[in-house]
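Beneath this line is the structure, given in structure tokens, with notes to follow.
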Amino acid sequence: MNAIEIKGLTKNFGEKQALSGLNMTVPVGAIYGFIGENGSGKSTTEKIICGLIHPSGGTVKLFDRDYKDSDVRAKMGVLIESPGCFPSLTVWNNLMIQANNLGVENAEEEIRRVIKLVRMEGAASNKFKNCSLGMKQRISIAMALMGNPTLLVLDEPINGLDADGMRIMREVLLDVVKDGKCTVLVSSHILGELEKVATHYGIVRGGKMIMEMTADELESNCRTYVAVKSRQNDVTLAILRRHFIRVEEDESGYIRVYDDVKAEDVVTLLFSNGILVNEVRTDKIGLEEFYIDLMNKKEGSGYANY
Amino acid sequence: MQTTNQPTFERNTFKKRLTTMLKVDFRRMFTSPFAYIMLGISLVMPVLILVMTTMMDGTVSVNPQTGVEMVIEGFDNVWQVIGTLSSANATGQMSMDMTAMCNINLVFFISSVLVCVFIADDFRSGYAKNLFTVRSKKGDYVISKTLVCFVGSALMIILFFIGAMIGGAIANLPFDITGTSVGGIICCLLCKVLLTSVFTAIFTTMAVVGKQRLWLSLICSLGASMLLFAMVPMISPLDANIVNVILCLAGGALFSVGLGFVSKAILDKTSLV
């Protein structure tokens, strides 16, 4: 059983096609990082999953049931765009409304639990409109976590959070999935943070899913490279390009060799050509670089072969 | 490595859904300062109407351009602000003087603000997203909003009635029940309360159409209620009887159910964000 299974999802807004046959599979218990450029269809997909907008075509299933099934939907937590709180009410009252809305027994106890999770104990009596952006984001995460949801849909949950907030968010996400009872669909542009928690990834572009993979697959797909820096980078680049196939200079002035080669071989080669290497290291490209590389490829140029 | 459990889902019965929804809406309505402002207006308005019209009673105003003199007439009786006798309605002519315009029927208009603001707030705050994600049955939402807004509007009618009593006492107007009876007045008040369900159903539908666009909801609500406004004095006269009450009850039920289905269909077919 998959937590989310989407087949051939389409959505048109008048003339504009926001989604054009998107497929998506999110296994139960996963933290699914949903990545894509602005306007690629992430939020539209999430809104359809949450039943907030209607698809033009395709099927959406949640836990093998139709996405409109009220029993499944009652066990969802959501954070899409805005927190969905009443500005003139206190944080506590907003959380109480959500607890009542979900029919949570022992509402007060549950509110204390989620407030503690997001470290907002001191702000419960504050009016929501007086909270800072980061505090509002934490409150909206607390609202999403209310009632132990089976499926969490989070759209840009890290936006506006400080370093401590991001760490809390990571801890919360890892905590909710640890017993496998909760599945998380999270979209974010902060890929470095996403990489620390996601077990699965889906990369969307132009309303289509261009790649789905597990964290292990990403790890094996991510190329290792040897990075060198010298005082004569132009000459170094020319020498390395003569001997290796995939050589690129990055933004910080390092020359990267992506071929299957050892660092000492590169240093020896350069030394024998009279180049003194200042720095050398072996590294692996992360999700962010992998994603940027993928996005730089032209559509239809073989994402699957990456 | 995480372990995965196949989740099970509790049956979410209609009773459970509606109970939780009503709990939320009643809490929201009656913790909101705006609701108390509206209820306060309903209480104070008849006091002001009765006191001010009594003070102005018999005053002659002259149009400076035409020179035509006009005598301002106040209320002769406290009950005039609550309703008119069926014999007065039978003439078929709609009076446009101040006493005919400034009465309890104004509450039907004012309650549109309460209903539209209450529903528009759901969409403006983004709360609707949280709500409709966990509640796929739009019927629950419509039933709950209609019921809560009906209670709010009915309270406004009752407070207007109480305000009229206070205003009448302050203005020293007679509480003469010639042409009707205490039972008739109670039936009249009951009719007005039941008629709020007709207007609440209209306003709820219009608010659902307008969603976060409060101005649209208000314009549509006032426009639609204007069509029915003329029938209110006829169906709920001061000398009303049980037949009037039954008619109002039936009308309220029909409008609530009929427009409830329309509201549900609108929510089902349109985007909620």
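Across the range A:159-168, what is the total count of residues that are under 20 Å from A:Ser43 (Cα atoms) and either in contact with a Gly (Cβ under 6 Å, 6 or more places away or on another chain) or buried (at least 19 other Cβ atoms within 10 Å of the Cβ) (or both)? Steps first, answer last, please.
Initial filter on the range A:159-168 (under 20 Å from A:Ser43 (Cα atoms)): A:159-161.
Right, trim to either in contact with a Gly (Cβ under 6 Å, 6 or more places away or on another chain) or buried (at least 19 other Cβ atoms within 10 Å of the Cβ) (or both) and you get A:160-161.
Counting residues in the range A:159-168 that are under 20 Å from A:Ser43 (Cα atoms) and either in contact with a Gly (Cβ under 6 Å, 6 or more places away or on another chain) or buried (at least 19 other Cβ atoms within 10 Å of the Cβ) (or both) gives 2.
Looking at A:Lys127, A:Lys196, just one residue is in contact (Cβ under 8 Å) with a residue 40 or more places away in the chain and among the basic types (Lys, Arg), and that residue is A:Lys127.
Report the residue count in the range B:65-79 for those that are buried (at least 16 other Cβ atoms within 10 Å of the Cβ) and out of contact with any Phe, Trp or Tyr (no Cβ under 8 Å at 6 or more places or on another chain).
Going through the range B:65-79, the residues buried (at least 16 other Cβ atoms within 10 Å of the Cβ) turn out to be B:74-75, B:77-79.
So of that shortlist, the ones also out of contact with any Phe, Trp or Tyr (no Cβ under 8 Å at 6 or more places or on another chain) come out as B:74-75.
Of the residues in that region, 2 qualify.
Going by the conditions given, is A:Glu212 charged (D, E, K, R) and in a helix (DSSP H, G or I)? Walk me through it before giving the result.
Values: charged (D, E, K, R): yes; in a helix (DSSP H, G or I): no.
Spelling it out, it is not the case that A:Glu212 is charged (D, E, K, R) and in a helix (DSSP H, G or I).
When you check A:Arg223 against the structure, is it at pLDDT below 90 and either surrounded by 14 or more Cβ atoms within 10 Å (Cβ to Cβ) or of a type outside the set (S, T, N, Q) (or both), yes or no? The answer is yes for A:Arg223.
In the range B:251-273, what residues are over 30 Å from A:Ser43 (Cα atoms) and either within 14 Å of chain A (Cβ to nearest Cβ) or in contact with a helix residue (DSSP H, G or I) (Cβ under 8 Å, 6 or more places away or on another chain) (or both)? Within the range B:251-273, B:Gly251, B:Gly252, B:Ala253, B:Phe255, B:Ser256, B:Gly258, B:Leu259, B:Gly260 qualify. Looking only at residues in the range B:198-231 that are surrounded by 21 or more Cβ atoms within 10 Å (Cβ to Cβ) and of a type in the set (A, V, I, L, M), the one that is farthest from B:Val142 (Cα to Cα) is B:Val198.
Restricting B:Asp25, B:Asp76 to residues that are in contact (Cβ under 8 Å) with a residue 60 or more places away in the chain and more than 30 Å from B:Thr180 (Cβ to Cβ) narrows the list to B:Asp25.
Residues satisfying the criterion are present in the range A:58-74 (criterion: closer than 30 Å to A:Arg113 by Cα, at pLDDT below 95 and touching a Leu at 6+ places or on another chain (Cβ under 6 Å)).
A:Gly180 meets the conditions (1) surrounded by fewer than 20 Cβ atoms within 10 Å (Cβ to Cβ); (2) under 13 Å from the mean Cα position of the chain (by Cα) in every case but one. The failed one is (2).
Contact map, the range B:221-249: residues that are within 13 Å of B:Leu195 (Cβ to Cβ) paired with residues that are polar (S, T, N, Q) and part of a loop (DSSP other than H, G, I, E, B), Cβ distance under 6 Å, separation 6+ or inter-chain. Pairs shown: B:Val232/B:Asn105; B:Pro233/B:Thr84.
If we keep just the residues of the range A:80-106 that are farther than 22 Å from B:Thr8 by Cα and more than 9 Å from chain B (Cβ to nearest Cβ), which is surrounded by the fewest Cβ atoms within 10 Å (Cβ to Cβ)? Only one residue tops the list, namely A:Trp92.
Restricting attention to the range A:165-185, does a residue exist that is within 19 Å of A:Ile49 (Cα to Cα), away from every other protein chain (no Cβ under 13 Å) and not in a strand (DSSP E or B)?
Step one: list which residues in the range A:165-185 are within 19 Å of A:Ile49 (Cα to Cα), which gives A:181-185.
Keeping just the survivors that are away from every other protein chain (no Cβ under 13 Å) gives none.
No; the residues of the range A:165-185 include none that is within 19 Å of A:Ile49 (Cα to Cα), away from every other protein chain (no Cβ under 13 Å) and not in a strand (DSSP E or B).
Every condition in (1) touching a residue at least 60 places away in the same chain (Cβ under 8 Å); (2) within 27 Å of B:Leu85 (Cα to Cα); (3) not aromatic (Phe, Trp, Tyr) holds for B:Ala169 except the one numbered (1).
From the list B:Phe175, B:Phe160, exactly one residue is in contact (Cβ under 8 Å) with a residue 24 or more places away in the chain and under 15 Å from the mean Cα position of the chain (by Cα). Which is it? Talk me through it step by step, then tell me what you get.
Values: B:Phe175 fails: under 15 Å from the mean Cα position of the chain (by Cα).
Going through B:Phe175, B:Phe160 in turn, the sole match is B:Phe160.
Restricting the range B:124-149 to residues that are in a helix (DSSP H, G or I) and among the hydroxyl-bearing types (Ser, Thr, Tyr), which is surrounded by the most Cβ atoms within 10 Å (Cβ to Cβ)? Working first, answer last.
Keep residues of the range B:124-149 that are in a helix (DSSP H, G or I), which gives B:124, B:127-134, B:138-149.
This time we only want the ones that are among the hydroxyl-bearing types (Ser, Thr, Tyr), so: B:127, B:133, B:141, B:144, B:146.
On the way: B:Tyr127: 23, B:Thr133: 27, B:Tyr141: 25, B:Ser144: 21, B:Thr146: 24.
That would be B:Thr133.
Yes or no, residue by residue, for (1) farther than 18 Å from A:Phe86 by Cβ; (2) touching a Gly at 6+ places or on another chain (Cβ under 9 Å); (3) at pLDDT 90 or above:
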site	(1), (2), (3)
B:Phe75	yes, yes, no
B:Gln93	yes, no, no
B:Cys116	no, yes, yes
B:Ala120	no, yes, yes
B:Tyr127	no, yes, no
B:Asn130	no, yes, no
B:Thr133	no, yes, no
B:Ser136	yes, yes, no
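Residues in the range A:21-79 that are within 7 Å of another protein chain (Cβ to nearest Cβ) and hydroxyl-bearing (Ser, Thr, Tyr): A:Ser70 alone.
Each residue in the range B:24-64 was checked for being at pLDDT below 85, away from every other protein chain (no Cβ under 13 Å) and either part of a helix (DSSP H, G or I) or buried (at least 18 other Cβ atoms within 10 Å of the Cβ) (or both), and 1 of them qualify. Filter the range B:242-266 down to the residues that are closer than 30 Å to B:Asn130 by Cα, in contact with a Lys or Arg (Cβ under 9 Å, 6 or more places away or on another chain) and surrounded by 17 or more Cβ atoms within 10 Å (Cβ to Cβ) and list them by number. Within the range B:242-266, B:Ser263, B:Lys264 meet the criteria.
The values are calculated or read from the model by the stated rules, or taken from the named source; none is laboratory data. Bear in mind the structure is a predicted one, so any value in this text is a computation, not a measurement. Neighbour counts are summed over all protein chains in view; Cβ atoms, including those assigned to glycine, are modelled from backbone coordinates with ideal geometry.
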